[in-house]
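Written out below as structure tokens is the structure these notes cover.
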Amino acid sequence: MTTRAAARRYGVGLFDVSLKEADLEKVERDFASFVALLGEQRELEQVLLNPAVPAARKRSLVATLASQMNLEPVVRKLLELLAEGDRLALAGEVLEQYRGRLLDHRKVVRAEVTTAVPLDDDRLGALRQGLGTLTGRQVVVTTRVEPEILGGVVARIGSTVYDGSLRRQLERIREKLAGGA
């Protein structure tokens with residue numbers, strides 16, 4: 001099984017259990033705080049991700065940390081399971097999978113919007129509303145500025161791309177002219 005597939009299974013499992021037994025937002029915060037701790041404490045990360053350190057020792061350390069951090073029981077169990085299987089390296093990706101399921105549960109989608117110039121709040125709000133109408137969901141937008149698109153907007157939601165950039169429109173015109181000549 002690939003690491004991405006494994007992370008997906010753990011993330012989906014965490015979400016499904018949390019849906020029945022825990023506060024979904026607290027689970028996200030707790031898991032995110034543990035992932036952040038790993039990122040901030042390099043020595044801890046080196047110990048927990050080192051294959052030479054016995055899994056039982058990693059599990060014990062994770063259990064101690066989880067207790068000190070007062071993590072949700074489902075988060076503790078998952079972290080201990082990851083430690084036991086020497087899969088703590090997946091924690092960040094498991095968190096992303098969990099967050100994806102949480103957004104889906106809330107009927108929220110992420111959109112990455114690229115424009116040639118920064119959008120003001122009014123235009124961003126109108127774009128968010130238009131994408132929400134298109135998808136039938138609430139939209140969380142992240143923006144990027146890429147002057148190369150010349151103008152317009154490129155929106156990516158999941159694997160779907162809506163390319164309304166001036167650069168793409170010029171390419172279409174060029175293709176029509178080249179095909180008709």
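Observations
- Helix axis angle, 55-68 relative to the chain longest principal axis, alpha carbon, degrees: 80
- P(r) weight above 24 Å for the stretch 3-104, C-alpha pairs, percent: 14
- Look at Asp122, Asp23, Asp30 and count the other Cβ atoms within 10 Å of each Cβ; fewest to most, that gives Asp122, Asp23, Asp30.
- Descending Cα extents along the principal axes, the stretch 107-180, whole Å: 45, 23, 17
- Here the scattering of the chain is modelled by Debye summation over its C-alpha atoms, one equal scatterer each and no solvent; at q = 0.16, 0.18 Å⁻¹ the log10 of I(q)/I(0) is -0.97, -1.08.
- Folded to 0 to 90 degrees: helix 73-84 orientation relative to the chain principal axis, Cα: 80
- Helix-only [θ]222 nm of the chain, DSSP H runs n ≥ 4, -39500 (n - 2.57) each, per residue, nearest 500: -20500 deg cm²/dmol
- Nearest 10 degrees, 0 to 90: helix 3-21 Cα axis against the chain principal axis: 70
Read the figures in this text as sums done on the coordinates, not as results from a lab. Owing to the predicted nature of the structure, the values given are computational and were not obtained by experimental measurement. Backbone-built Cβ (ideal geometry, glycine too); neighbour counts: all protein chains shown.
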